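Below is one structure; the comments refer to it alone.
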Amino acid sequence: MTQGFAKDTEKLIRQLSLISYLMAERRPVTATEIRRDVEGYSDMTEDAFARRFYADRAELDALGIHLSVDKPAEGFSEQENYSLAPEAFHLPPIAFTDSERAALQTALTLLDGEFAYAEPLRLALQQIAWGRPSPLGSDSRQTIGLGITASAGGGEVSARLAKIDTAIYRRKRIEFEYHTMGSDETSLRRVDPYHLLFEGGQFYLVGYAHERDDVRVFRLSRIKGKVAYATKAEHDFKRPTDFDPRGYATRADWQFGETVGTAEVWISERIAWQVERHFGRFGTIAKAQDGSGDMTFTTEYASVRQLAAWALRLGEHARILAPDELVSELADRVELLHDRHTGELELAAVVPAEEVDEVVEPAGAKRETAIRPERFARLVTLASILIQAGRANERLRFTDVCEALQVSDAELREDVAVLNVVNFGGGSYVLYAEVHDDGTIEVDPEPYSDNFARPARLLPVEAKALIAAIDLIGDHLPEGALNSARDKIVAALGADPMEQGLQVASGGGDYS
Amino acid sequence: MKTAEVLDVSFTPRPEVDPASDVAGWPSTGLVEASRVARVWISPERARWSREQREVALTLADGSVVVELPYKGTDWLVREVLAEAGDAAVLSPPEAREAVRAAVDRLQLAVR
């Protein structure tokens, strides 16, 4: 039945058929029954089935779909019972209010096309918008434009981001060459990746660095070449339970590294409110007792230069009061600024520029987003779109579905062909969809399409994308506008994706 | 913006103003449609950071670099140079170099 499909596609059909079967049966089933009834397993030898079934379960597990295994006290694996509780596959309904939906629509429309996680975000929105216009629909009354980007920043960084994102979820140790700016040296690093952080327009990896025997932060744009798995094992490490990613997202530029002291900085009344708003969380504020409106900002620092640079940027409206080493560092740097802006600055000879071949992107080339969701996620979303239309007795426009899922004509046709083959237990199909010459898709939902007629749980990468998008935008919209929507999404997921691999940090300050 | 208040007054949008085109520009790219360009020298110690952030116009034999910073407001340029904590110096235009010098003079009074 699955002949004519590539091996990867056969695997997808098998996995979807397995899920359909387990949810349809509503009872624990044995491996023997699975092998007999589920599309793709029945032609396998016993050994092949054992290997493939184990591998499929592991892959579904990695996608966040956890099969329950009921092992008898003694016995062989064939006597284990497998089941998939509906709540392990489906997303609980999320009752957004109109204002939450409007906030999501505004926030997420702004990011479309300029976000490293754009594709899994799109799928996530299809799921949570179940039965209502997608929050990515156009809004002619849109009155806000967004001028920030969370793109991965180029093909190379995109590829690293995708690899590291997967390595975090699969707990795989990675190796890469890294250029340390401080020492201006490049060396091989072996890292257990714990978390991704997006801050100040850059992606950072937080992980345990084996060479340093400590947790370190790596900027993805400073990784040279490719990121590779260090071993062939399924998992290499467990993230420590006491690891808190939030500590890495709430540091000022001058706080990266080991704390070496605590500074006191006088801030004039003129900019006190701005410093408090943008930097207050990096220290403590004490208002002057003389009623002047001036304040003292106390903050821990790891880098003398970075703190001095921050204070200098504020001009005569900031002055370092303590400690003495910092005061004298600042005075020295002011002297240096003075000397370099007095008279003529003597410059060394110019080094001739080398000719560089410019890589020109073809005109109209589709922008490569960094993270492609698993095709599995796309098929599940497509199934739910098709079944919903079938039950409503409506035909879908082929181009609309391509646009909604951001797939090509050929990809959608192949996805429809795959879903038409998903079946189990003696011809129990999930759906039958036909693409007509008039550009429409007609769907006959089969009896067992019930299982895809409700929104599926967000896959880990989709959940991460949705919360990351909200966190990225939320910092730039009035507080509270997206917070309640975020809380509902986290409640439905059962955990905050931010704690499981990707965090968008608040900006460190706005100097403009 | 420190504070904002909605007034009970409405307005008619001016047809010649297109806010979307502005948003697609400098907030996304960081590059302002500039009327001036400053040439700024960056010390050898900080050159590699500059290479990450900006286009380098010239590389010099001692490892320092010269970058070109498009700018509209001199205040912004002064802050950018001060924030390099002495590792940057404006080469041109003269009025920009003078503006940094004036800011440094004020700083010298403050730190003494």
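The calculated FRET efficiency for the pair residue A:241 and residue A:99, based on their C-beta separation and a Förster distance of 41 Å, comes to about 0.65. Checking every one of the GluC sites (Glu not before Pro) in region A:165-259 against DSSP loop status and a limit of 13 other Cβ atoms within 10 Å picks out A:211, A:234, A:258.
For the pair residue A:287 and residue B:2, what calculated FRET efficiency results from E = 1/(1 + (r/R0)^6), where r is the Cβ-Cβ distance and R0 = 22 Å, to the nearest 0.05? Mind showing how you got there, number by number?
Working: r = 16 Å, r/R0 = 0.75.
The computed FRET efficiency comes out at 0.85.
Highest mean packing comes first when the peptides A:409-415, A:287-293 are listed by Cβ atoms within 10 Å, giving A:409-415, A:287-293.
Given contacts defined as C-alpha pairs under 8 Å and at least six residues apart, what's the relative contact order of region A:155-250, whole-number percent?
Reported as a whole number, the value is 32 percent.
The magnitude of the dipole of region B:35-111, with charges of +1 and -1 set on the Cβ of Lys/Arg and Asp/Glu and taken from the Cα centre, is near 120 debye.
Take each residue in B:68-80, count the other chain C-beta atoms within 10 Å of its C-beta, and the mean is 1.
Note on region A:222-277: with charges restricted to the Cβ of Lys and Arg (+1) and Asp and Glu (-1), its dipole about the Cα centre is near 460 debye.
In this simple spin-label model, placing a label point 7 Å from the Cα along the Cα-to-Cβ direction at both residue A:217 and residue B:91 gives a separation of 3.3 nm.
Holding the Cα-Cα limit at 24 Å, pick out from A:238/A:464; A:224/A:464; A:172/A:224; A:163/A:224; A:7/A:238; A:163/A:238 the pairs that are longer than that.
Values: A:238/A:464 19 Å; A:224/A:464 26 Å; A:172/A:224 19 Å; A:163/A:224 14 Å; A:7/A:238 31 Å; A:163/A:238 18 Å.
Beyond 24 Å between Cα atoms: A:224/A:464; A:7/A:238.
A simple spin-label model places the labels of residue A:47 and residue B:56 5.8 nm from each other, with each point 7 Å out along Cα-to-Cβ.
Averaged over its residues, how many other protein chain Cβ atoms are within 10 Å of peptide A:302-314's Cβ atoms? Each step should come with its number before you reach the end.
On the way: counts 0, 0, 1, 6, 2, 1, 3, 6, 2, 5, 11, 8, 4.
For peptide A:302-314, the averaged partner shielding equals 4.
With the charge dipole of region A:155-250 set up from +1 on Lys and Arg Cβ and -1 on Asp and Glu Cβ about the Cα centre, the Cα lying farthest toward the positive end among the listed residues A:178, A:168, A:210 is that of A:168. Using the alpha-carbon centroid of each, what span in Å lies between region A:382-424 and region A:209-237? Here the answer is 39 Å between Cα centres.
Every read-out reported here was derived from the displayed coordinates using simple, explicitly stated rules and does not represent laboratory data. Worth saying up front: this structure is predicted, and the values here are computed from it rather than measured. Positions of Cβ are generated from backbone atoms using ideal geometry, with glycine treated the same way; all protein chains shown enter the neighbour counts.
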